[in-house]
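Working notes for the structure below.
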Amino acid sequence: MTSQPRIAVLCSRIRVEEKLLLQELERRGVAFDRLDDSKVRFRLDEPEHIYDVVYDRSVSFGRSLYALRILEGRGVQCVNRADVVQMCGDKLATHVALVGAGVPCPRTAVAFTPAAALEALEDLGYPAVIKPVVGSWGRLIARVNDVDAAEAVLEDRAVLGSWQQQVYYLQEFVDKPGRDIRVFVVGDVPLCAIYRRSAHWITNTARGGEASACPVDGDLGAMAASAARAVGGGLLAVDLVEDRAGALSVIEVNHTMEFRNSIEPTGVDIPARMIDWVLAQAESPLGTSTTEAAT
């Protein structure tokens with residue numbers, strides 16, 4: 001008789017998504033521990049291997065990354081892997097990986113001083129978008145329509161205090177048709193997708209964007225799968241934009257994505273498919289992943 005894998009879920013804040021995932025584990029009769037990242041402690045001189053799989057659902061990029069590094073050092077399979085989390089949590093690192101894999105992205109520049117950033121924006125052309133290299137939910141993303149607006153935003157970033165705010169990630173503004181697209185990828189398989197529509201140019205559902213079903217076959221699904229592979233694979237959400245001519249490009253890959261608003265419009269039991277993947281990783285060698293649960 002095969003023993004049940006030892007599972008833990010790393011999180012502190014319980015959103016709707018975490019409730020659905022924990023309920024799915026309970027429905028299957030899978031025993032698990034919840035590791036509260038606000039309370040967990042690790043003795044680095046006493047490496048204990050007590051879990052087969054740890055599923056990271058922490059909203060804290062820093063806590064996730066360091067906890068996963070420690071756990072993987074103890075031989076624990078983590079979902080997503082620490083290197084994937086590190087890649088996806090940094091827009092610049094993600095962009096470099098995507099371009100290296102031949103995945104289409106908007107024209108983008110990086111500078112390290114406000115003066116250099118202004119020159120880069122002149123080269124990209126206005127309007128343009130200034131983004132933090134680390135961040136989520138559309139926070140601190142600014143559309144600048146001219147040099148005056150750019151100077152104001154760059155001055156603010158220069159005094160925010162974090163070194164990350166002095167890495168100026170600058171992107172062309174894609175004139176999208178009032179929507180963008182999020183594709184949920186499990187392993188190498190594009191599971192389902194939504195359009196996120198909004199009258200505002202930022203279409204995140206966390207900022208009020210409305211979700212509706214989007215076909216995931218063809219070029220869209222293939223591009224999302226390629227983007228997921230480029231960052232290391234796992235349980236990911238790939239965000240894409242289309243220009244007025246319909247050309248697609250990838251703007252971001254998310255490692256602990258929200259999905260509550262995507263279940264009903266897509267008709268896909270997203271938490272169940274995610275748990276399929278997590279349980280399948282218990283049988284995978286450390287540092288690898290299997291697509292078995294997604295096929």
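Summary table below
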{"item": "Output for segment 63-116, where each listed residue is closer than 17 Å to Val134 by Cβ and of a type in the set (Ser, Thr, Tyr)", "result": "Ser64, Tyr66, Thr94, Thr108"}
{"item": "Matching residues in segment 52-107 - criterion: being of a type in the set (Gly, Ala, Ser) and surrounded by fewer than 19 Cβ atoms within 10 Å (Cβ to Cβ)", "result": "Ser60, Gly62, Gly73, Gly75, Ala93, Gly100, Ala101, Gly102"}
{"item": "Candidate set: segment 50-65, residues that are part of a loop (DSSP other than H, G, I, E, B) and of a type in the set (A, V, I, L, M); chosen: the one modelled with the lowest pLDDT", "result": "Ile50"}
{"item": "Qualifying residue in segment 64-80 (condition: in contact with a helix residue (DSSP H, G or I) (Cβ under 6 Å, 6 or more places away or on another chain), in contact (Cβ under 8 Å) with a residue 40 or more places away in the chain and within 22 Å of Gln165 (Cα to Cα))", "result": "yes"}
{"item": "Flag if Asp45 is within 21 Å of the chain's Cα centre (by Cα) and either among the polar types (S, T, N, Q) or part of a loop (DSSP other than H, G, I, E, B) (or both)", "result": "no"}
{"item": "Subset of segment 67-95 [more than 12 Å from the chain's Cα centre (by Cα), closer than 23 Å to Leu22 by Cβ and not basic (Lys, Arg)]", "result": "Ala67, Leu68, Ile70, Leu71, Glu72, Val76, Gln77, Cys78, Val79, Ala82"}
{"item": "Residue within segment 130-141 that is surrounded by fewer than 15 Cβ atoms within 10 Å (Cβ to Cβ) and either farther than 30 Å from Glu48 by Cβ or of a type in the set (Lys, Arg) (or both) present", "result": "yes"}
{"item": "Selection within segment 235-270 - among the acidic types (Asp, Glu) and within 18 Å of Gly187 (Cα to Cα)", "result": "Asp239, Glu252, Glu258, Asp269"}
{"item": "Options Ala116, Ala97, Ala109; residue that is small (Gly, Ala, Ser), touching a residue at least 12 places away in the same chain (Cβ under 8 Å), outside any loop (DSSP other than H, G, I, E, B) and farther than 30 Å from Gly232 by Cα", "result": "Ala116"}
{"item": "Residue list for segment 12-61, restricted to those being among the aliphatic types (A, V, I, L, M), touching a residue at least 40 places away in the same chain (Cβ under 8 Å) and within 26 Å of Arg260 (Cα to Cα)", "result": "Val16, Leu20, Leu21, Leu25, Val30, Val53, Val54, Val59"}
{"item": "Candidate set: segment 165-184, residues that are in a strand (DSSP E or B) and charged (D, E, K, R); chosen: the one nearest to the chain's Cα centre (by Cα)", "result": "Arg182"}
{"item": "Out of Gly209, Gly187, sole residue that is within 19 Å of the chain's Cα centre (by Cα) and modelled with pLDDT under 90", "result": "Gly209"}
{"item": "Scan of segment 74-94 for residues that are among the aliphatic types (A, V, I, L, M) and part of a loop (DSSP other than H, G, I, E, B), ordered by number", "result": "Val76"}
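The values are calculated or read from the model by the stated rules, or taken from the named source; none is laboratory data. None of the values given here were measured: they were computed from a predicted structure. Neighbour counts are summed over all protein chains in view; Cβ atoms, including those assigned to glycine, are modelled from backbone coordinates with ideal geometry.
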